[in-house]
1. Of all residues in the range 1-24, which are within 16 Å of residue 92 (Cβ to Cβ) and hydroxyl-bearing (Ser, Thr, Tyr)?
2. State yes or no: is residue 79 free of Cβ contacts under 8 Å to residues at least 24 places away in the same chain and open to solvent by 30 Å² or more (accessible area, probe 1.4 Å)?
3. State all residues of the range 110-120 that are at pLDDT below 95 and either closer than 14 Å to residue 20 by Cα or part of a loop (DSSP other than H, G, I, E, B) (or both); if no residue qualifies, say none.
4. Of the conditions (1) under 16 Å from the mean Cα position of the chain (by Cα); (2) under 15 Å from residue 92 (Cβ atoms); (3) not in a loop (DSSP other than H, G, I, E, B), residue 33 clears all except one; give me its number.
5. Part of a strand (DSSP E or B), among the aromatic types (Phe, Trp, Tyr) and open to solvent by less than 30 Å² (accessible area, probe 1.4 Å): is that true of residue 71 in this structure?
Amino acid sequence: MITIRSAKSKIEHADGMNHLLVRFGPIPDAATARIVIELPQGISRKSNLSRFYENENGEIVIYRPDRADEFIIAIFTDEPINCGSTPILVALIYTDKQGLEQRFEYEYTMEVVLEEQMDDVHIDEEIVAKVLKLGISVYDDTESDGLTDESAITKPIPIAPGPYSDLEKKYRIEGR
């Protein structure tokens with residue numbers, strides 16, 4: 001029901017950034033659904049970039065569980081954390097049409113490394129393209145289906161040009 005991919009195969013242990021693409025399939029017997037993302041200590045996230053409503057608990061609300069969809073979130077490290085493999089847990093919680101709550105958990109392993117170990121990082125170009133598209137797209141009221149929260153839309157913030165490292169050149173996403 002859920003697949004998780006990251007834009008980069010690794011994240012830096014300090015001041016690192018990555019994007020997760022979370023795809024979910026249709027849940028035909030669901031009346032309501034939400035997705036919870038549990039990050040390890042030291043890794044934080046921003047609100048999703050895909051206009052899905054997030055409730056006060058940070059749960060991503062799926063208004064149309066009967067159709068497949070996806071969202072992207074940015075994850076980051078502010079302070080140095082331990083290097084190694086660390087799990088990111090994504091839980092799909094839904095109430096079926098009989099009123100019973102179901103929970104399915106999916107684990108995605110993220111490799112946390114030192115900055116100098118980022119030379120052989122694998123970049124998922126599809127996710128980078130999706131993040132770029134989200135970052136530069138302008139919200140159009142005619143596209144609204146009434147199922148997303150318009151306040152979740154963010155405008156790109158221009159960044160002053162400057163020299164970029166080789167990794168920044170590979171994974172440059174303007175405004176994020």
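The values are calculated or read from the model by the stated rules, or taken from the named source; none is laboratory data. Given the structure is predicted, the values throughout are model-derived calculations rather than measurements. Ideal geometry is used to build each Cβ from the backbone, glycine not excepted, and the neighbour counts take in all protein chains shown. Keep in mind that these areas ignore ligands, DNA and RNA; they rest on the heavy atoms of the full protein, side chains included. Shrake-Rupley method; radii C 1.70, N 1.55, O 1.52, S 1.80 Å.
1. 3
2. Numbers: free of Cβ contacts under 8 Å to residues at least 24 places away in the same chain: no; open to solvent by 30 Å² or more (accessible area, probe 1.4 Å): yes.
Taking the combined requirement at face value, the residue does not satisfy it.
3. If the condition is that a residue be at pLDDT below 95 and either closer than 14 Å to residue 20 by Cα or part of a loop (DSSP other than H, G, I, E, B) (or both), then 118, 119, 120 are the ones that fit.
4. (1)
5. Numbers: part of a strand (DSSP E or B): yes; among the aromatic types (Phe, Trp, Tyr): yes; open to solvent by less than 30 Å² (accessible area, probe 1.4 Å): yes.
When the stated conditions are applied, residue 71 passes them.
So that you can scan it fast, the table gives a plain yes or no per residue for (1) open to solvent by 30 Å² or more (accessible area, probe 1.4 Å); (2) touching a residue at least 12 places away in the same chain (Cβ under 8 Å); (3) more than 26 Å from residue 122 (Cβ to Cβ):
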position	(1), (2), (3)
12	no, yes, no
16	no, yes, no
20	no, yes, no
27	no, yes, yes
41	yes, yes, no
52	no, yes, yes
93	no, yes, yes
